[in-house]
Amino acid sequence: MPKSLTYKNTRTSIIGQSIFLHEEYPRGYAYEGKTHFIHYFGLEHGFYEIPARLTVIQEKSGSLEDWVKSEFGAEDIEEMETEVGAIVKGVWRPSLRSAQDVYEALDVTEQEMRLSENALRLLINKLDDIFLYIEPAVASQHVYSHKTRELLILACTELENFWQYYAEKSGLSGSGKRLTTNDYARLCQPLHLKEYQFTLNTYAGIPPIRPFEHWDIAKPTASLAWYDAYNNTKHDREKHFSQATLFHCISAVVACLVMHCVKFSPYQMFGRNNTFSAIINQHFKGSLVNVNYRSFYLFQVNPEHEKQGEYFRYVSSDGEASFLFRSLNFTV
């Protein structure tokens, strides 16, 4: 297994590149190939893109640590957790961007994605209708109604479809057992759900939403306040009607958006020229926060592209970057 590292870039020394490239792409990743060292520049905001066009390769001399320190001023160096070229099948991580990479690496189809998009469009349209009557703000986030209860139930039902998908993929749903949040909470860490954050574009009064931020396997339902509210108001409306609040409703919709990002990548949500992306961009801004850089995927440059000589920028195309696949692991 090639040794791989992540670190902070503090300088750029690539021929033909701006000397300030490290300021725009301050995160570095590198691994040791058969004959060359390979370095990638990455962003430290948004969805932490790692552009293949900024890959740098140089013939090996000395150690990988010494190379990244001397050429990129690497600081805060850590070893990566993921194997170079390996992907947890079905779980998006930065470096996967193109539609073809997403379909192949995440083991999904365009039809599956369209079905999910249609379901999310329905939820967002219903949320938008509620906003016509309840202005989203700090003062109104605890307002509740039959409409907020209806949407909360719809959103959490859609969410459970996502959870069931990953439960089947990981083997959690074997032997026909009935799954509960005790099982679903085990998805949180391997799907990196706590890293996702969404904000409402035109409603500054609503704080950023991280629906899975406090999910705790020791309290799998109570630690998701909006999901706990869904369970309560679904089974006993008369007693728990007041829990179907606007904020819980928004959080449940955002939770579905997070799961869509994990399954199909955020770039397929925000970056395409279609109606779905237009609706998403109109209402939401998404990002990762408090990320675990060590869990990101690094594509593996084929040995034939480890060219001799000085630095060069590597431009990825079909067949020039490869990934391996491994199964989901939900060890707790």
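The values are calculated or read from the model by the stated rules, or taken from the named source; none is laboratory data. Owing to the predicted nature of the structure, the values given are computational and were not obtained by experimental measurement. FYI the Cβ positions are ideal-geometry reconstructions off the backbone, even for glycines, and counts take in every protein chain you see. What goes into the accessible areas is simple: the full protein's heavy atoms, side chains included, and nothing from ligands, DNA or RNA. Shrake-Rupley method; radii C 1.70, N 1.55, O 1.52, S 1.80 Å.
Values for this structure:
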| read-out | value |
| --- | --- |
| Assigned charges on the beta-carbon of Lys, Arg, Asp, Glu; the chain dipole about Cα centre (debye) | 780 debye |
| Selection of GluC sites (Glu not before Pro), region 68-113, meeting DSSP coil and at most 12 other Cβ within 10 Å | GLU81 |
| Nonlocal amide H pairs with TYR203, under 5 Å, H built at 1.01 Å | none |
| Listed values [x] 124, 59, 32; [y] 80, 63, 42; [z] 73, 47, 35, entry calculated as Cα extents along the principal axes in Å | [z] |
| Per-pair calculated FRET efficiency, R0 = 25 Å: ASN182 and ASN161 via Cβ, rounded to 0.05 | 0.85 |
| Shape call, region 150-299: gyration tensor on alpha carbons, a/c limit 1.5 | oblate |
| Given charges at Cβ of Lys, Arg, Asp, Glu: the chain dipole, positive-most of ALA225, ILE77, CYS256 | ALA225 |
| Heavy-atom accessible surface of the chain: percent carbon and sulfur, 1.4 Å | 47 percent |
| Phi to ³J(HN,Hα) by Karplus 6.51 cos²θ - 1.76 cosθ + 1.60 over region 180-191, Hz, x for Gly, Pro | 10, 5, 4, 7, 5, 4, 6, 6, 4, 6, x, 8 |
| Extended-chain gain in nm, criterion 0.36 nm per residue less alpha-carbon gap, ILE19 and GLU104 | 27.0 nm |
| The chain - accessible surface per residue (Å², probe 1.4 Å) | 46 Å² |
| Ellipticity estimate at 222 nm from DSSP helix runs (n ≥ 4, -39,500 (n - 2.57)) divided over the chain, nearest 500 | -11000 deg cm²/dmol |
| Sorted peptide list for 57-66, 223-232, 266-275, criterion being average Cβ within 10 angstrom, highest first | 223-232, 266-275, 57-66 |
| Burial ranking of peptide ranges 199-205, 278-284, 162-168 (average Cβ count within 10 Å, highest at the top) | 162-168, 278-284, 199-205 |
| Kyte-Doolittle mean at least -0.5, axial Cα span of 30 Å or more - DSSP H helices of the chain | 110-131 |
| Distance (nanometres) between label positions extended 7 Å along Cα→Cβ at TYR133 and ASN273 | 3.9 nm |
